[in-house]
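Scroll down for the structure; my scribbles are underneath it.
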Amino acid sequence: MAYSRFENLYNLILGGSKMECKSLDEVRNNIDRIDNEIIKLIAERGNFIKQASTFKKDGQDVKAPKRVEAVIEKVRTLSIEYGANPDMTEKLYREMIAGFVNMEMSEFNNANS
């Protein structure tokens, strides 16, 4: 079920929807709708990140550099598949992941202090 929500988001923002807008207001309304979905998914992702911290043994597990690189590789591939700019996607994901790692490290430290 969560996959279909992500698939819908990918279709919306990465080219699956080729809707032609008739006005700037229509464009902006669609961007606002997509932003709403992105924020919901970021919140959902954050919830899973918090849960992940409970399964980690130490700070290195939280940072998980190999996992980060695997995620980056995956989203670059998806970007190409969906017609998005893979460099921009990578930059966005690296920034998002850095924020989530900081959040997860706080969760981990609070649970283990």
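Each reported figure results from applying straightforward, stated rules to the coordinates on display, with no laboratory input. This one's a predicted model, so the numbers in the text were calculated from it and none came from an experiment.
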_Please list, ordered by residue number, the helices (runs of 4 or more DSSP H) wholly in the stretch 43-113 having 2 or more residues that are under 30 Å from Lys18 (Cα atoms)._
65-82, 86-111
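Whether any residue in the stretch 24-38 is of a type in the set (D, E, K, R), assigned to a loop (DSSP other than H, G, I, E, B) and on the phi < 0 side of the Ramachandran plot is what I want to check.
From the stretch 24-38, those of a type in the set (D, E, K, R) are 25-26, 28, 32-33, 35, 37; that's our starting set.
Narrowing the set further to residues that are assigned to a loop (DSSP other than H, G, I, E, B) leaves none.
No, that holds for no residue.
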_Suppose we keep only residues that are within 15 Å of the chain's Cα centre (by Cα) and hydrophobic (A, V, I, L, M, F, W, C) within the stretch 59-90. Which one would you say is farthest from Asn110 (Cα to Cα)?_
Ala84
